[in-house]
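Peer 1: Handing you this structure, nothing more for now.
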Amino acid sequence: MKAILFLLPLSVTAQEILPDVVVTANRTTEETKEVPYAVEILTAEDLLENATRTLPQAFLNTPGVLVQETTPGHGSPYIRGFTGRHNLLLQDGIRLNNSTWRSGPVQYWNTLDAQAIDRLELVKSQGSVLFGSDAIGGTVNTLSKSSNFRRENGPFSGGAAYYRFDTNSKSHLSRIEQRFGVGEKWGIMLGYSASDIGDIRDSALGTMRGTGYSQLSHDLKFEYAFTPSQTLTLAHSHLDQDDISRWHNTIHNPGWTKGSSFTTAGTDLARDYDQGRSLTYLRFEDTNTNFFWADRYQTTISFQHTQDSEFRVRESGRSDTRILDINTFGLSFEAGTGNVVWGTDYFHDQIDSQGLRNSAPHPSNRPIADDSTYDSLGIFTNYTGTIGQRFTYDAGARFTYIKAQWEGYRPDGAVIDQVGNGSWDNFALSLRGQYELDDFWTIFGGASQAFRAPNLDDLTGRQFSLNGLDENGSPDVDPEKYLTTEFGTRFNDSEFSLELSGYYTFINNGIVRIDDGIGGLATTNSSEGFIYGFEGQAIWNLHPQWRILAHASWQNGEQKQGGITDPIRRLNPLSGALDLRWTAPSEHYWISGRVEAATRQDNLSRLAASDTQRIPVGGTPGYVVASLYGGWQMSEVLQLNLALGNLTNEAYRIHGSGQNMPGRNVTLSVKFEW
């Protein structure tokens, strides 16, 4: 069994990849070994040990996930080949995706403070049944920190202070949090974070001027127990980011050469983003009811406010400003009876949009049609059953209805605003199963449908894309439909864990961007496409003090448009890592050595190949990077972590990113608890 590990293309993380923990992949509590999906779990401790700065960076060493960073303040994970609005991001089970999210790598995942997260759950290729539109590549649920008042007895209080510094960019990140309350009755968690991120450096480009930014965030969670099973939760979080530069488009990017590959220099005088998002929700749940229709239920009311602005000065001196203001109202209800989960959810977006050129109003420059609304209604159910002693299955269905309306739409050439609307509906199914071969081996697999109606960006959007080209929406596009089939196997015993999986996603009517022939990109539907890949991950406990972790992944895919076949944009090359960790017998300190590697990626779509300021001509070079990580629990209240990153000072770029990764770097973090 142990020999299997060495037959894998190796790649590894410092977190335990197959821990025996519970997840919410089926909107109910289950152990990971019982879920018929490929699931990844990350805890706050994992993020601390891996010197994680942002939410996307949490997945840097996760098989099947390519973490692209347009700039250090903008990160977008590609999960099984899909990114941006083709992955679903949740905060405490509430969807953060809204109808303005644009295609390709997006910045929105950075509106969640990674330091305020208690736990991350990634379910790959889940489909649209349980959480609705957009859950194509994967669903990520971020669970925020709380007071944990139900674990306390009587009055309690406690807190923590965290500080992180790295020598490469001379960045400072800090957080302070406090919790208090009365055990089993009520509890409050308060948190505040501040970041001052400096410009990163590497051995080839030196200081990448303009890659730094600042960030502030705060969060509050109040929980009150009416009864031992009934809980009311009121939560609020807010994050602001300022002056995030798309460095690769600007004159600060001189271009980069490595071997036969090279990127071209940027030309914009400035291209900066500001963004902010707040979420407030009120939730009531009862985990032990006496109703005939449910033995548990939960209802949530939510409000989100998102602001997104972009300022660009071209080489000619012309300036363009695009501003979005989005209010999202949400209402959801879910209930369970035995092995059945069912419910409904509704979200309503209200959008204000402005476009300026040389500081004067310019309606054709709006990022989305002004005075737009977008409504999404879903009804779902999922059943978990068993056949015999060893086979379990999940069968689910969802009906979705979506309606879009817009007023202030001014495409190029129009002299007045245009009004429009559209509506779409879909019925999606999912069938998954798992069979226990014995007490250690299981096999799992199945098929899940996914659906994504065109959002307001698809329909009316006008964004800067690629090398600054205008990307224009179309009111005529149709919904995208997907079907993912997956087959995998798991092995778990006290010494060794292994998970292997393969997947194939059929793409029907995918919304793509094509060259419009007049210096921009037009939105249309492709005829068909596919993406498939393989993933492997393993843990081997060699000795009570020694552990090896490994994972690897590879994928390929194509889409057809107008009779022309093109590779999927930003495919993850064969990549992986290997990590060897030693923990002291006292468990007070540990150290691990990690090697990460990726092969050259030259399987590029035509659009990706034209994005030469970001993606090297000839393909993104492969790399091998070595790092050391360590931690010391100095006392019950003081923890010290140290990371020595990129020991050989390798100049490298993760495929699709807009800048090189940091060169040699020392990251020190201190956490003090009381």
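Peer 1: Out of curiosity, is ASP394 acidic (Asp, Glu) and under 27 Å from GLN126 (Cβ atoms)?
Peer 2: Spelling it out, ASP394 is indeed acidic (Asp, Glu) and under 27 Å from GLN126 (Cβ atoms).
Peer 1: Related question: For the range 460-495, what are the residues that are among the aliphatic types (A, V, I, L, M) and in contact with a Phe, Trp or Tyr (Cβ under 7 Å, 6 or more places away or on another chain)?
Peer 2: The one that is among the aliphatic types (A, V, I, L, M) and in contact with a Phe, Trp or Tyr (Cβ under 7 Å, 6 or more places away or on another chain): LEU483.
Peer 1: Among the residues of the range 558-571, is any crowded, with 19+ Cβ neighbours inside 10 Å, of a type in the set (Lys, Arg) and in contact (Cβ under 8 Å) with a residue 40 or more places away in the chain?
Peer 2: Checked against the condition, which is being crowded, with 19+ Cβ neighbours inside 10 Å, of a type in the set (Lys, Arg) and in contact (Cβ under 8 Å) with a residue 40 or more places away in the chain, the range 558-571 yields at least one hit.
Peer 1: Scanning the range 247-294 for residues that are aromatic (Phe, Trp, Tyr) and surrounded by 15 or more Cβ atoms within 10 Å (Cβ to Cβ), which turns out nearest to LEU220 (Cα to Cα)?
Peer 2: TYR281
Peer 1: On to the next question. For the range 646-674, give me the residue count where each residue is basic (Lys, Arg) and in contact with a Gly (Cβ under 8 Å, 6 or more places away or on another chain).
Peer 2: 1
Peer 1: So, in the range 239-269, of the ones that are in contact with a strand residue (DSSP E or B) (Cβ under 9 Å, 6 or more places away or on another chain) and of a type in the set (A, V, I, L, M), which residue ends up farthest from VAL313 (Cα to Cα)?
Peer 2: LEU239
Peer 1: Which residues, counting only those in the range 434-468, are over 22 Å from ASN525 (Cα atoms), among the aromatic types (Phe, Trp, Tyr) and surrounded by 19 or more Cβ atoms within 10 Å (Cβ to Cβ)?
Peer 2: Listed by number, the list holds a single entry, PHE444.
Peer 1: I would also like to ask the following. Would you check if there is a residue in the range 70-83 being of a type outside the set (Val, Ile, Thr), within 30 Å of ASN249 (Cβ to Cβ), outside any helix (DSSP H, G or I) and in contact with a Lys or Arg (Cβ under 7 Å, 6 or more places away or on another chain)?
Peer 2: The answer is yes; a qualifying residue exists.
Peer 1: I've got another one for you. Cβ contacts < 9 Å: first residue modelled with pLDDT of 95 or more, restricted to the range 342-365; second residue in a helix (DSSP H, G or I) and among the β-branched types (Val, Ile, Thr), any location; separation 6+ or different chain. Result?
Peer 2: Listed pairs, sorted by first residue: SER353/THR460.
Peer 1: Does any residue in the range 328-339 that is closer than 12 Å to LEU377 by Cα come within less than 8 Å, Cβ to Cβ, of a residue that is crowded, with 19+ Cβ neighbours inside 10 Å and aliphatic (A, V, I, L, M) six or more places away or on a different chain, and which pairs are these?
Peer 2: Pairs that qualify, where the first residue is closer than 12 Å to LEU377 by Cα and the partner is crowded, with 19+ Cβ neighbours inside 10 Å and aliphatic (A, V, I, L, M), are GLY330/ILE94; SER332/ILE94.
Peer 1: Now, a different point. Output the number of residues of the range 509-533 satisfying the condition of being at pLDDT below 85 and of a type outside the set (Gly, Ala, Ser).
Peer 2: Going through the range 509-533 one residue at a time, the tally reaches 6.
Peer 1: Of everything in the range 544-588, what is charged (D, E, K, R) and out of contact with any helix residue (DSSP H, G or I) (no Cβ under 9 Å at 6 or more places or on another chain)? Give them in sequence order.
Peer 2: If the condition is that a residue be charged (D, E, K, R) and out of contact with any helix residue (DSSP H, G or I) (no Cβ under 9 Å at 6 or more places or on another chain), then ARG547, GLU558, LYS560, ASP579, ARG581, GLU587 are the ones that fit.
Peer 1: Quick test of your reading of the structure: PHE180 fulfils all but one of (1) farther than 30 Å from LEU269 by Cβ; (2) out of contact with any Leu (no Cβ under 7 Å at 6 or more places or on another chain); (3) surrounded by fewer than 17 Cβ atoms within 10 Å (Cβ to Cβ). Name the failing condition by number.
Peer 2: PHE180 satisfies every listed condition except (3).
Peer 1: Turning to a different aspect of this structure: Can you tell me which condition GLU471 does not meet? The list is (1) without any contact (Cβ under 8 Å) to a residue 60 or more places away in the chain; (2) within 27 Å of the chain's Cα centre (by Cα); (3) buried (at least 19 other Cβ atoms within 10 Å of the Cβ), and all the others hold.
Peer 2: (1)
Peer 1: In the set GLN545, GLN537, which member is crowded, with 18+ Cβ neighbours inside 10 Å and at pLDDT 90 or above?
Peer 2: The conditions single out GLN537.
Peer 1: Continuing with this model, one more query. Going by what's in this entry, would GLY378 be described as touching a residue at least 24 places away in the same chain (Cβ under 8 Å) and over 20 Å from PHE347 (Cβ atoms)?
Peer 2: No; evaluated as a whole, the condition is false for this residue.
Peer 1: Of all residues in the range 295-330 being among the small types (Gly, Ala, Ser) and under 23 Å from HIS236 (Cα atoms), which is surrounded by the most Cβ atoms within 10 Å (Cβ to Cβ)?
Peer 2: SER302
Peer 1: Sticking with this one: Sort through TYR393, TYR374 and tell me the only one that's aromatic (Phe, Trp, Tyr), buried (at least 16 other Cβ atoms within 10 Å of the Cβ) and at pLDDT below 95.
Peer 2: TYR393
Peer 1: Please enumerate the residues belonging to the range 548-573 that are of a type in the set (S, T, N, Q) and part of a strand (DSSP E or B).
Peer 2: SER553, GLN555, ASN556, GLN559, GLN561, THR565
Peer 1: I would also like to ask the following. If you go through the range 408-433, how many residues are loosely packed, with under 15 Cβ neighbours inside 10 Å and among the acidic types (Asp, Glu)?
Peer 2: Final tally of qualifying residues: 2.
The values are calculated or read from the model by the stated rules, or taken from the named source; none is laboratory data. It should be emphasised that the depicted structure is a prediction, and the values quoted were computed from it without experimental measurement. Backbone-built Cβ (ideal geometry, glycine too); neighbour counts: all protein chains shown.
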